[in-house]
Amino acid sequence: MNVIATLGSSSLITALSCSIFSFIASLIYLRTHTNPLLSLARNSIIASAILISFSLVVMAYALLSNDFSIAHVASVSSTNMEPWMKWASIYSGQSGSLLFWTWALSLFLAIFSLKTLPKIHWGAPHAIIVMALLLSAFLIPLIFFTSPFTISSITPEDGRGLNPLLVDRGMLVHPPALLSGLVSTSIPFTLAIAALMSGRVDSAWIQHAKPWALLSFLILSIGNFLGAWWAYTVLGWGGYWGWDPVENSAILPLLPMAAFLHSQSVQLRRGIFKGWNLSLVLVAFALAVFGTFNVRSGLVASVHSFAQSDIGPYFLLLLGIISFASIALLCLRWNHLKPDRDLDSLLSKETGMILNTYILMIITLVILGGTLFPIFSELIQGVRITVGPPFFNETTGPLWIGLLAVMSIGILLPWRKNSTSSILRRMIIPLGISIVTASFLFIFVTNNLTVLLTLLTAEMVLLVTLREFFLGGKIQKKQSGEHLFFSIFKLFDTNQHRYGGYLVHIGVALMAIAIICSYTFQAQTRQTMIPGDSFNISGHHIKYEDLFETKPGVNGVSKEILAKIEIDGEKLIYPGQRLFSNFPNQPVAIVAIDGNPLRDIYVFLQGWTDEGMIELHVFVNPLIQLLWFGGAIYVVGAILAYTPSSRSSKQSKIKEKSGAR
């Protein structure tokens, strides 16, 4: 008997038992209203999280101790792997990633049980029922279908090691962030279902869902940014987003969550869009589960997906149950979801918010449709037709431009209603500057309409958002007497949520500029070279000097082939390929990048001969670093929007004290 495997499996089985008990206890509480039962049900969710955490610690120990009698350890680890890379082995492979997913889910649910559950007396038992069902739904396949603690029939002397693509430091943060982001959608989902089950479909559930939705939005955003950065620095194709089916699955839940964060404020202020807000949250979680199914079904070809297995149909069934239950509950409560009042005017922030959410959801449907198109084409015509980046770029491009336009106008619109002349006065300067800039670009740079409209609308977003900071800073300056620069920074203390959101908008605009410029104006070439050869690209001189190899001897790497490349006679970079002992047919790119704020020179070693001849693939990506800079501003803004300011914290404490009196 393997003690480690027994401990891990037993803790998962006990966690499932706790979840089932929590479900039953909550059902009995709804009939008897026996308070100790509700406490037991809540504590059982927390106990499940502790037990699943213990199983993860057990798996970590098995990896560190090289226990190759456990099949998962033998398939993703080896004796020459560095300890820090064994952390990535935990969530590598089908069973490991599902263990991490379930662990992250249990942590979110436990924190929710401790932090939020005591505040929602109207829906606590219903929320516990949902949490217990969710935990059970993910523990069942983890125990019975794809257990990470399965014992191998034959214990190998050494493990196979990580998939070569995962032998990268970025894998220490990208998969955990993305998996945690997907899992985090379960909390707003739990609150929405609890509201529908209890009949409390007013704004009470939104007040508690908002911080969790912000957290989910933040983690999902970070996960997707890290994924783009990993694709850019590791895969060696010169880009950062290839519209891969699994990449699409990662961004899909983010879009309805972003839509919810905009439309929820309308419900809180005006009492409208009740059904729409519930639907957005339910769709976000359903799409997160769809991503889990997509990765594990084997239905799509992706660098990120696992091989086809029996677990795919299980998650398809789970997705069907979640979707059916959500739709059924919405239909059941539909008569209670009527708006408290109508829109006062089409020229209002409410209209801008709802248009924003509609465009986000249309983009979601387009991406989902393109991702599933190969499957439907095979079912209908018997031939699998795959749609690639051109389809997604051409269909979503105009929608992104429309979203930027609505963002720029929406910031200027007031709540309820306002006159057309007043709005035009606010728009005239930003719009005028943007038109002048677009005209200059049209005359001297490009006549591409998509590029011009993207840059015009992105500049509009930047200008109207900066205008809000400037006007707010002037008001703050009058009150405090400080310099305008410091007054603008003080705005975050007065309304951190609002101005954090504005930073997110600035980040989006900067990323839009970076994406359209790097995509449209990218230059690339492939050159076959011998030592001493050189060529020019976009005004840069590239010279090949030498080819050599190193033998790191860790993490399964047998050797690294590196080319010595000189850029503009000044800087040396070393693109290459990494070869693996146990994966001889899976070399991984070592991308070399010479970057500055205006451009990246991105160099990839395509191939080589023993005589020193190489094939070099070189890209010049303009303004690509603006993408990462805009992403950083976006994330900082999201953190500020999520984190309460010192003033709001003091106000909430005062409210709590007055409520206690």
Ordering D202, D244 by the accessible surface of their heavy atoms, 1.4 Å probe, largest first, yields D202, D244
Overall dimensions of the range 6-100 as given by Cα atoms, namely Rg and Dmax in Å | 17.3, 58
Order of exposure, largest accessible area first, which applies to F145, F23, F189 with probe 1.4 Å | F145, F23, F189
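Using the beta-carbon distance between H541 and W237 and R0 = 22 Å, what value does 1/(1 + (r/R0)^6) give for FRET efficiency, to the nearest 0.05? Don't skip to the answer; put the middle values down first.
Numbers: r = 24 Å, r/R0 = 1.07.
That pair, H541 with W237, gives E of 0.40.
Compute the length gained on full extension between W415 and L365: take 0.36 nm times their separation in residues and subtract their Cα-Cα distance, giving the result in nm to one decimal.
Extending this stretch completely gives an extra 15.1 nm.
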Given labels modelled 7 Å from the Cα in the Cβ direction, how far is it in nm from I375 to T395?
-> 1.5
Value of [θ]222 nm, deg cm²/dmol, for the chain, DSSP H segments ≥ 4, -39500 (n - 2.57) each, nearest 500 | -22500 deg cm²/dmol
Protein-only accessible surface order, largest first, of W229, W103 at 1.4 Å | W229, W103
Pairwise centroid distance, computed over Cα atoms, of the range 346-363 with the range 70-97, Å | 45
When the dipole is taken about the Cα centre of the chain, and only Lys, Arg (+1) and Asp, Glu (-1) are charged at their Cβ, what size is it in debye, to the nearest 20?
-> 3600
Calculate, for I428 and S558, the FRET efficiency according to 1/(1 + (r/R0)^6) with r their C-beta to C-beta distance and R0 41 Å; round to the nearest 0.05.
-> 0.05
In whole Å, how far is the Cα centre of the range 34-60 from that of the range 567-587?
-> 47
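So for the range 400-512, what are the equivalent ellipsoid semi-axes in whole Å, largest first, each being the square root of 5 times an eigenvalue of the Cα gyration tensor? Don't jump to the answer; show the numbers that get you there.
Values: eigenvalues 153, 49, 38 Å².
Value: 28, 16, 14 Å, ordered largest first.
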Could you check how much of the accessible area of the chain is carbon and sulfur, as a whole percent, using a 1.4 Å probe?
-> 64
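Want the number for N80 to L30: 0.36 nm per residue separation, take away the alpha-carbon distance, what's left? It would help to have the intermediate numbers written out before the result.
On the way: separation 50, 0.36 × 50 = 18.00 nm, distance 5.50 nm.
Using 0.36 nm per residue and subtracting the Cα-Cα distance, I get 12.5 nm.
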Kirkwood-based shape ratio for the range 163-218, expressed as Rg/Rh from alpha carbons = 1.23
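Report the FRET efficiency, 1/(1 + (r/R0)^6), for F440 and N596, where r is their Cβ-Cβ distance and R0 is 25 Å, rounded to 0.05.
E between F440 and N596, to the nearest 0.05, is 0.60.
Show me 89-98, 371-380, 13-22 ranked by packing, highest mean number of other Cβ atoms within 10 Å first. Mind showing how you got there, number by number?
Details: 89-98: 23.1, 371-380: 14.5, 13-22: 21.5.
Ranking, from highest mean packing down: 89-98, 13-22, 371-380.
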With just the Cα atoms of the range 60-130, tell me how far they stretch along each of the three principal axes, in Å, largest first.
-> 54, 19, 15
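Before I look further, what does the chain give for accessible area per residue, probe 1.4 Å, in whole square angstrom?
Values: 29080 Å² over 661 residues.
The answer is 44 Å² per residue.
Sorted by packing (mean other beta-carbon atoms within 10 Å per residue), highest first, where do 474-481, 46-53, 259-266 land?
Working: 474-481: 12.4, 46-53: 21.9, 259-266: 24.8.
Those peptides, ordered most packed to least, come out 259-266, 46-53, 474-481.
Stretch Q527-K571 to full length: gain in nm at 0.36 nm per residue minus the Cα-Cα span? Provide the component values of the computation, followed by the final result.
Details: separation 44, 0.36 × 44 = 15.84 nm, distance 1.94 nm.
13.9 nm is the gain from fully extending Q527 to K571.
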Tell me which label goes with the value of Rg and Dmax of the Cα atoms in Å computed from the coordinates here: [x] 26.9, 85; [y] 30.8, 101; [z] 37.5, 149.
-> [x]
For the range 182-214 and the range 482-553, what is the separation of their Cα centres, given in Å?
-> 37
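The values are calculated or read from the model by the stated rules, or taken from the named source; none is laboratory data. Just so it is clear, the model here is predicted, and its values are computed rather than measured. Every residue, glycine among them, receives a Cβ derived from its backbone with ideal geometry; neighbour counts consider all protein chains shown. Side chains are part of the model used for accessible areas, which takes the heavy atoms of the whole protein and leaves out ligands, DNA and RNA. Shrake-Rupley method; radii C 1.70, N 1.55, O 1.52, S 1.80 Å.
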